[in-house]
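**Q** Before I ask anything, here is the structure I am working with.
The values are calculated or read from the model by the stated rules, or taken from the named source; none is laboratory data. In this text, all values refer to a predicted model and were calculated from it rather than measured experimentally. Heads up, the Cβs are rebuilt from the backbone with ideal geometry, glycines too, and the neighbour counts pull from every protein chain shown.
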Amino acid sequence: MRTTSCMRKNFGLLAAILLSINLPHALYAQSENSWIWQLQADHPDPSHYYGVTVANGILGIVSAPDPLSVKEIVLNGAYDQYGRGRVSNLLKTFSFANVDLTINGQQVTPQQISHFHQTLDMYRAVFTSSFDVGNLAHVTCSWRALRQLPYNMLVTVDIQAKQPITISAASVIEAPDMLRNVQQFYEDIASPHGPLHVLFSTASSPTGKLSVAAATCFLFDEARDQQPRVTHEMWDNNRHLMRFSQSLQAGETYTFSIAGATISSAQSADPANDAERLTIFEALQTRKELIDAHNNAWQQLWQSDIQIEGDDTTQRDIHSMLYHLYSFVREGSGYSLSPMGLSGLGYNGHVFWDADLWMYPVLLQLHPEIARSLIEYRIHRLPQAIANAYAHGYQGAMYPWESAASGEEETPVWALSGPFEHHITACVAIAIWQYFCVTHDTAWLRNEAYPVLEATANFWVSRVQKAADGYHIRNVVAADEWAENVDDDAFTNGAAIENLRDAIRAAQIIGAEPDPHWQKVADHIVILHFPDGVIREHATYQGEQIKQADVNLLAYPLGLIRDTLQIRKDLAYYEPRIGQGPAMSYAMLGLLYERLGYPEKAYALFKRGYVPNELPPFGVLAETAGGTNPYFATGAGGILQCVLNGFGGLQITENGIIQLKTRLPARWKSLTITGVGMGKKNFIVSNK
């Protein structure tokens, strides 16, 4: 029995309907410039400002309430031990996307500008600040984390003179406090298009484990003999810049760009030279070539889209969630997803079940080629999971609750989740099985996936304890993390059952012999109930408030509970008991109510799951209502599953992705999901 974990039977009485329609490209592209693709802020308040991120799966550039600067730049995959918890943390890299601008000798600061406006164009993944500097000039500055170049960014500045002015503009590289042994360099390199002025810096990570480097280079439009003179300025040990000056006439617009790259020894054996090489590679392309390639890459991503007719506000919200998930990952990287993506250093940049259960299913359905990176991250770290099981006295593979570069346990020692939140192991296995269900890649299943499914199934056989009434899993931290060191947590037990059944099915497909203990344990792991039939969260649960959904996840995504009366009963019991926990709970409740035939109730819970979590000025999502740690990509993943797998009726099965019959909320005229699965199919639900 399963739903997203490759359901072989339908959900309740709902029939599976596959609707594949080849929609013209114009349907999704016709509104690419409209309000539903933009997040905007006028005169943003610095005291209530939560930045939005432009990212390409490797670089995360976080906006600031400053017209010419960004808050920070995060480099994916680069971890070192510093700060709290004595565990690895994701690194900030050099701030190398900031611009220093003076007009007529006066530095442009936030206090001197007016008509300040910021926009994120989600369709093209470009963040723009525009403003006036008195009656002197109108300035526009835009940032891109180039999608076609994983380690590169592009800053472009347009200055429109309102009267004759002299500008002085600088590219700045500054080291964050965490970096050590900073060294700063500048050189001119000959090229066919004129000298390349290259500013670059190198440093060590806090323990010296990694080397980090960044470089920038100006892109000028003038012919080589007309380009402005560039000078280098050393400010202090952590900050330097290169600058040029230019005189403009009234009505004249001057445009320049800054190409730049950053990389660490986590990605390159020679980061100092590679940062410079990648910058030069970018700089010897035209601005138009760079932007066109970036736009084309994002256009390809948006071939897989969710389109809601009749509710533009929700449409824009959904685009924001998709945009952030697409921004935080990339095909071929081998990296997974942190709960906060590349929006900062939240949760130390670690990988939890958030990646496997909440964000991954969205990517798997819309971009399987990107989702594969998340799965490869887990597969490549199987040896560490095997060592972790051995250290705790178990067989097979026990995946760590928090994972970083190595795949070893990275949970701070004061958090009990590290040694006890074992459902993560099943979440990894279920995600791997789902990839096969969507791709039907039998060679991959045999050579890469099955060793993980086999090892995780063996873990559960060694983890359970046999009693007269069946097999128990004792002493765990529940999916409801307020329940620590409890017995027979509903979700943990249910996920273990799914893990074991998926391993059995995988063995049958590749012609291997499944361990007979897998079936015996799967058939007899206990799921506890109250006397009235409600499933009990764990052995000592007495009806108290819970952090997040646990029991309800047995119906979706696990698909263990299919009886509609049981699902209704569990929903009615646990909905009022969910506290101010993460955003995903209400998304799952909404999904289940939708599948039960209550679209208005589902819509109310869907909106409750994210609207209270939006933060100014761009509506970025916090983890909880009233929280301040954006961007919570996990919550976006849950909400998007509510749309795809609830309102949209999509279902991952062993036969691929099918569509269940659903009804939309009254305010939606239609829901169209484009570019689904390996065949890039389209699905429609209509109220017309």
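**Q** Please work out which residue is nearest to the chain's Cα centre (by Cα), limiting yourself to the stretch 521-543 and to residues that are part of a helix (DSSP H, G or I) and surrounded by 14 or more Cβ atoms within 10 Å (Cβ to Cβ). Quick ask: steps written out before the conclusion?
**A** The first filter runs over the stretch 521-543 and keeps only residues part of a helix (DSSP H, G or I), leaving 521-524.
Filter once more, keeping what is surrounded by 14 or more Cβ atoms within 10 Å (Cβ to Cβ): 521-522, 524.
On the way: VAL521: 35, ALA522: 32, HIS524: 36 Å.
For the stretch 521-543, the residue satisfying everything is ALA522.
**Q** Then there's this: Evaluate the following for ARG381: is it in the same structural domain as VAL452 (by TED's automatic domain parsing) and free of Cβ contacts under 8 Å to residues at least 40 places away in the same chain? Spell out how you get there, then give the answer.
**A** Details: in the same structural domain as VAL452 (by TED's automatic domain parsing): yes; free of Cβ contacts under 8 Å to residues at least 40 places away in the same chain: yes.
Here the answer is yes, as ARG381 does meet what is asked.
**Q** List pairs: first residue in the stretch 307-331 and more than 20 Å from ILE73 (Cβ to Cβ), second residue surrounded by fewer than 18 Cβ atoms within 10 Å (Cβ to Cβ) and small (Gly, Ala, Ser) anywhere in the structure, Cβ distance under 6 angstrom, at least six positions apart or on different chains.
**A** GLU309/SER670
**Q** Working only within the stretch 155-207, note down all residues that are among the charged types (D, E, K, R) and over 22 Å from GLY60 (Cα atoms).
**A** Result: ASP158, LYS162, GLU187, ASP188.
**Q** Being buried (at least 20 other Cβ atoms within 10 Å of the Cβ), in contact (Cβ under 8 Å) with a residue 24 or more places away in the chain and more than 21 Å from ILE379 (Cβ to Cβ) is the requirement here; does ILE424 meet it?
**A** No: the conditions fail for ILE424.
**Q** Out of (1) charged (D, E, K, R); (2) more than 22 Å from ASN655 (Cα to Cα); (3) surrounded by 15 or more Cβ atoms within 10 Å (Cβ to Cβ), what's the single condition that is false for GLU498?
**A** Evaluating GLU498 over (1) charged (D, E, K, R); (2) more than 22 Å from ASN655 (Cα to Cα); (3) surrounded by 15 or more Cβ atoms within 10 Å (Cβ to Cβ) leaves (2) as the failure.
**Q** Could you check how many residues of the stretch 125-168 are among the hydroxyl-bearing types (Ser, Thr, Tyr) and under 21 Å from PRO228 (Cα atoms)?
**A** From the stretch 125-168, those among the hydroxyl-bearing types (Ser, Thr, Tyr) are 128-130, 140, 142, 151, 156, 166, 168; that's our starting set.
Retained after the next criterion (residues that are under 21 Å from PRO228 (Cα atoms)): 140, 156, 166, 168.
Residues flagged as among the hydroxyl-bearing types (Ser, Thr, Tyr) and under 21 Å from PRO228 (Cα atoms) within the stretch 125-168 amount to 4.
**Q** Within the stretch 505-520, can you find the residues that are touching a residue at least 24 places away in the same chain (Cβ under 8 Å), part of a helix (DSSP H, G or I) and surrounded by fewer than 17 Cβ atoms within 10 Å (Cβ to Cβ)?
**A** Selection gives ILE509, ILE510, HIS517.
**Q** State which residue is nearest to the chain's Cα centre (by Cα) when the search covers only the stretch 473-486 and only residues that are crowded, with 19+ Cβ neighbours inside 10 Å and either over 12 Å from HIS423 (Cα atoms) or of a type in the set (Phe, Trp, Tyr) (or both). Don't jump to the end; show me each part of the working.
**A** Taking the stretch 473-486 and keeping what is crowded, with 19+ Cβ neighbours inside 10 Å, we get 473, 476-480, 483, 486.
Restricting the remaining residues to those that are either over 12 Å from HIS423 (Cα atoms) or of a type in the set (Phe, Trp, Tyr) (or both) gives 483, 486.
Details: ALA483: 27, VAL486: 31 Å.
My answer is ALA483.
**Q** Okay, next question. Kindly indicate which of ILE497, ILE504, ILE510 is closer than 23 Å to ILE567 by Cβ and either over 31 Å from the mean Cα position of the chain (by Cα) or of a type outside the set (S, T, N, Q) (or both). Working first, answer last.
**A** Working: ILE504 fails: closer than 23 Å to ILE567 by Cβ; ILE510 fails: closer than 23 Å to ILE567 by Cβ.
Unique residue meeting the criteria: ILE497.
**Q** Here are LEU325, LEU345: which of them is more than 30 Å from THR255 (Cβ to Cβ), at pLDDT below 95, out of contact with any Pro (no Cβ under 8 Å at 6 or more places or on another chain) and not charged (D, E, K, R)?
**A** Working: LEU325 fails: at pLDDT below 95.
Only one candidate qualifies: LEU345.
**Q** Right, something else. With the requirement that a residue be charged (D, E, K, R) and farther than 25 Å from TRP235 by Cα, what does the stretch 145-174 give you? Break it down into steps so the answer makes sense when it comes.
**A** Here is the first cut: in the stretch 145-174, the ones charged (D, E, K, R) are 147, 158, 162, 174.
Listed by number, the residues that qualify are ARG147, ASP158, LYS162.
**Q** Quick check on my filter: what residues within the stretch 404-418 are crowded, with 19+ Cβ neighbours inside 10 Å and either in contact with an Asp or Glu (Cβ under 6 Å, 6 or more places away or on another chain) or more than 18 Å from SER336 (Cβ to Cβ) (or both)?
**A** Within the stretch 404-418, ALA404, GLU410, THR411 qualify.
For every residue, the table says whether it meets (1) of a type in the set (Asp, Glu); (2) in the same structural domain as TYR360 (by TED's automatic domain parsing).
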| residue | (1), (2) |
| --- | --- |
| HIS294 | no, no |
| GLN307 | no, yes |
| ASP311 | yes, yes |
| ASP317 | yes, yes |
| SER320 | no, yes |
| HIS324 | no, yes |
| SER327 | no, yes |
| SER333 | no, yes |
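**Q** Quickly run through the stretch 70-110 and pick out the residues that are at pLDDT below 95 and among the aromatic types (Phe, Trp, Tyr).
**A** Across the stretch 70-110, the qualifying residue is only TYR82.
**Q** Look at the stretch 465-504 and say how many of its residues are among the small types (Gly, Ala, Ser) and outside any loop (DSSP other than H, G, I, E, B).
**A** Count: 7.
**Q** When the stretch 96-110 is examined, which residues are found to be touching a Ser or Thr at 6+ places or on another chain (Cβ under 8 Å) and of a type in the set (Ser, Thr, Tyr)?
**A** Across the stretch 96-110, the qualifying residue is only THR102.
**Q** Would you point out which residue out of ARG330, ARG372 is more than 22 Å from MET153 (Cα to Cα), among the basic types (Lys, Arg) and surrounded by fewer than 24 Cβ atoms within 10 Å (Cβ to Cβ)? Write out each step before concluding.
**A** Working: ARG330 fails: more than 22 Å from MET153 (Cα to Cα).
Just a single option satisfies the conditions, and that option is ARG372.
**Q** What are the residue pairs meeting all of these: first residue in the stretch 178-191, first residue farther than 23 Å from ASN89 by Cα, second residue hydroxyl-bearing (Ser, Thr, Tyr) and surrounded by 13 or more Cβ atoms within 10 Å (Cβ to Cβ), Cβ atoms under 9 Å, and 6 or more apart or on different chains?
**A** From residues that are farther than 23 Å from ASN89 by Cα, the pairs are GLN184/SER201; GLN184/THR202; PHE185/SER201; PHE185/THR202.
**Q** Further, regarding this structure: From the list ILE673, ILE639, ILE657, which residue is at pLDDT 95 or above, touching a strand residue (DSSP E or B) at 6+ places or on another chain (Cβ under 7 Å) and within 20 Å of PRO599 (Cα to Cα)? It would help to see each step written out before you state the result.
**A** Values: ILE639 fails: touching a strand residue (DSSP E or B) at 6+ places or on another chain (Cβ under 7 Å); ILE657 fails: within 20 Å of PRO599 (Cα to Cα).
Of the residues listed, the single one that is at pLDDT 95 or above, touching a strand residue (DSSP E or B) at 6+ places or on another chain (Cβ under 7 Å) and within 20 Å of PRO599 (Cα to Cα) is ILE673.
**Q** So, in the stretch 91-126, of the ones that are under 33 Å from the mean Cα position of the chain (by Cα) and outside any strand (DSSP E or B), which residue ends up farthest from SER69 (Cα to Cα)? Full working, then the answer.
**A** In the first step, residues of the stretch 91-126 are kept if they are under 33 Å from the mean Cα position of the chain (by Cα); the result is 91-100, 109-110, 115-126.
Among the residues that remain, those that are also outside any strand (DSSP E or B) are: 93-94, 109-110, 122-125.
Working: THR93: 15, PHE94: 13, THR109: 10, PRO110: 10, MET122: 20, TYR123: 22, ARG124: 20, ALA125: 17 Å.
Result: TYR123.
**Q** Continuing with this model, one more query. Taking the stretch 662-688, which residues are in contact with a His (Cβ under 9 Å, 6 or more places away or on another chain) and surrounded by 17 or more Cβ atoms within 10 Å (Cβ to Cβ)? Before you say what the answer is, go through the steps one by one.
**A** So in the stretch 662-688, the residues in contact with a His (Cβ under 9 Å, 6 or more places away or on another chain) come out as 675, 678.
Once the filter is applied, which keeps residues that are in contact with a His (Cβ under 9 Å, 6 or more places away or on another chain) and surrounded by 17 or more Cβ atoms within 10 Å (Cβ to Cβ), the stretch 662-688 yields only GLY675.
**Q** Mind counting the residues in the stretch 246-272 that are touching a residue at least 40 places away in the same chain (Cβ under 8 Å) and under 24 Å from ARG330 (Cα atoms)? So that I can check it myself, show each step before the final result.
**A** Pass one, the stretch 246-272, residues touching a residue at least 40 places away in the same chain (Cβ under 8 Å): 246-267, 271-272.
Now drop any that are not under 24 Å from ARG330 (Cα atoms), which leaves 258-267, 271-272.
Total meeting the criteria: 12.
**Q** Could you tell me whether any residue of the stretch 637-652 is aromatic (Phe, Trp, Tyr) and under 27 Å from PHE127 (Cα atoms)?
**A** First, the residues of the stretch 637-652 that are aromatic (Phe, Trp, Tyr): 647.
Within this subset, residues satisfying the condition of being under 27 Å from PHE127 (Cα atoms) are none.
No: the stretch 637-652 contains no residue that is aromatic (Phe, Trp, Tyr) and under 27 Å from PHE127 (Cα atoms).
**Q** While we're here: Kindly list the number of the only condition in (1) touching a residue at least 24 places away in the same chain (Cβ under 8 Å); (2) in a helix (DSSP H, G or I); (3) surrounded by fewer than 22 Cβ atoms within 10 Å (Cβ to Cβ) that fails for GLN395.
**A** Result: GLN395 fails condition (2) only.
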